[in-house]
Each structure stands twice: as C-alpha cells, then as structure tokens.
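The values are calculated or read from the model by the stated rules, or taken from the named source; none is laboratory data. Source: prediction; values computed, not measured. Please note: Cβ atoms are built from the backbone with ideal geometry, for glycine as well, and neighbour counts cover all protein chains shown. Side chains included, ligands, DNA and RNA excluded: accessible areas come from the protein's heavy atoms. Shrake-Rupley method; radii C 1.70, N 1.55, O 1.52, S 1.80 Å.
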Amino acid sequence: PPQLEPFVAAATVVFFINSGLVAAAIALSTRASIFQVWFDSFFSSWPSYVIGVGLAAALSIGIERGSYWLLPLLAAPLALVHRNFMDYLGRMSDAITDPLTGLPNQRYLVEHATRELARARRNGRKLAVVVMDLDGFKSINDVEGHAAGDAVLRAVAERLRHSIRAHDVCARYGGDEFLLVLADCGLEEAQWRTEELRSVVSAIDVNRWPREKTPLTISAGTAVFPDDGDSLERLFVAADGRMYDCKYRQRTAAFHDVKRS
C-alpha cells in the first residue's frame, strides 16, 4: 500500500526551505524581520503545497505501478507553482508601487520608515526624512495638460530613482510630492544629497513641453532623527514645514527678481 508519510515529509521540507530562503532574501533587502516576512507573505500559501504533494503522490504511485502515461501530468504542479508565484508578485507590486511613476507608494514608505526608525533607535544611528515638492507643477498641468504633467512626474521619478543610494527609499507621497528616507544619514549629508537631487531634477529637458519654459525645480525640507523628533509623525511634520518654508523663500526671491527687472 502507498505510504503517505514520505510525501508529507517532503512537502513540509520543501515548503519551509523554499519559503524560508525567499523570505530571507526579501528581509535582507528590506531590513525587515525574516519571520515577519515569512508569516505575512508565505504562511497563507501552504494550501498550494498540499495540492502539490497530493498530485506528486498520485503521480508517484501511478508511475510505480507502470502507468508512465501520467508523466506529462508532472507539468501540472509546476504550472501551479509558477502561477502562484506570479500572482504573489503581482499582488505585492500592486500593493506597494505607485502606478504612475513606478516608485514605492505611501504605504510601502511608511512601513519601510517604521522599520528604519526602529533600527536607528536600536543602534543609536541617525535617520533623515526629506519631503520634496515640485515648484510650479500646477502651471504645467494648466498650460500643457495633465498628460504633460504625468510625463513630468515620471521623468522626475526616474531621475530620483537613479540618484539615491541602493539602501535609501524614494516614494511618491501624493500629487507632486516625493519623500525620501535616508538611513544612517545626518543633517549635513542629507542637505548635500538634497542639493544633488535638485541639480538632477533641474537638468531635465523642459523643451519637451514647448509652452512651459520654466526650469523644473523642487522645494525640500529635511528632518533628522533624533534631533527633530523621535517618531515618524514628528519627523514628517518637521520636514513638511521646512519644505513649505523653502517654497515660500523661493517664491519671495523670484518675486523680488521680477520686480527689480
């Protein structure tokens, strides 16, 4: 008679090794807890392994009895695993990605910033939060249209994505506002990196939008843990307030320049 114990043992080993290795890779890249990643993302997928082991057991028993015509059915478990994997990737991408720019969205940013803040607090390190807002973005939408505005946001997002460090995160926080979380970064370094991003954004070719001749600029505000706050809410409020101060100073300077000319 067929013995089910070897199949159950094999399925258990495959499930824990496979999901554990993938969870470890995700955790190392996001600096999250391996167990938390595994529990949130893979624990609920165990029914697919039960189905897989059932199919494998049936095929093995059939082949043992000489029913080699069952061999093509081995593709069924592989197809099931592939489909589950692709569905999982799709759900993960939809949950954490802004559909317009391809940057992480606000949900992912808050989760990432929470983990980074806990790590900074635990290790006695600094953490910088930078709020950036495009200047004059409304005029681009009004003059060139919303399609041009979307193209501007995508161009800015592309530049920002390729201008930050590998372990930093830049997300679209909403509208024309972007937010950066810079790990192990103090105020001086954060301000230097912000100026670098200003230069990157201002270098975008605005000739693609012929009626809008104003160069792209950003206003930015920075807050650093623990100097400006010990919680994400306080850091966001401090950085947001400084961003609006920056925007006000730039508008005032532009107004005086126009007045003098």
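Restricting attention to the stretch 143-158, the residues that are surrounded by 18 or more Cβ atoms within 10 Å (Cβ to Cβ) and within 12 Å of L103 (Cβ to Cβ) total 3. With the condition kept exactly as written, say whether any residue in the stretch 175-184 is under 26 Å from R121 (Cβ atoms) and at pLDDT below 90. So far as the stretch 175-184 goes, no, none of its residues is under 26 Å from R121 (Cβ atoms) and at pLDDT below 90. State whether the residues of the stretch 89-98 include one that is surrounded by 16 or more Cβ atoms within 10 Å (Cβ to Cβ), at pLDDT below 90 and not in a helix (DSSP H, G or I). The answer is yes; a qualifying residue exists. Considering only residues of the stretch 29-39 that are in a helix (DSSP H, G or I), at pLDDT 75 or above and out of contact with any helix residue (DSSP H, G or I) (no Cβ under 6 Å at 6 or more places or on another chain), which is farthest from G62 (Cα to Cα)? Among those that are in a helix (DSSP H, G or I), at pLDDT 75 or above and out of contact with any helix residue (DSSP H, G or I) (no Cβ under 6 Å at 6 or more places or on another chain), it is Q36.
How many residues does the stretch 15-28 hold that are of a type in the set (V, I, T) and out of contact with any helix residue (DSSP H, G or I) (no Cβ under 7 Å at 6 or more places or on another chain)? Talk me through it step by step, then tell me what you get.
Step one: list which residues in the stretch 15-28 are of a type in the set (V, I, T), which gives 17, 22, 26.
Within this subset, residues satisfying the condition of being out of contact with any helix residue (DSSP H, G or I) (no Cβ under 7 Å at 6 or more places or on another chain) are 17, 22.
Counting residues in the stretch 15-28 that are of a type in the set (V, I, T) and out of contact with any helix residue (DSSP H, G or I) (no Cβ under 7 Å at 6 or more places or on another chain) gives 2.
A count restricted to the stretch 169-188 and to residues that are open to solvent by 10 Å² or more (accessible area, probe 1.4 Å) and of a type in the set (F, W, Y) stands at 1. Take the conditions (1) open to solvent by 20 Å² or more (accessible area, probe 1.4 Å); (2) over 19 Å from A155 (Cα atoms); L109 misses just one of them, which is (1). Here A166 passes the criteria (1) modelled with pLDDT under 90; (2) closer than 24 Å to L117 by Cβ; (3) surrounded by 13 or more Cβ atoms within 10 Å (Cβ to Cβ) except the one numbered (3).
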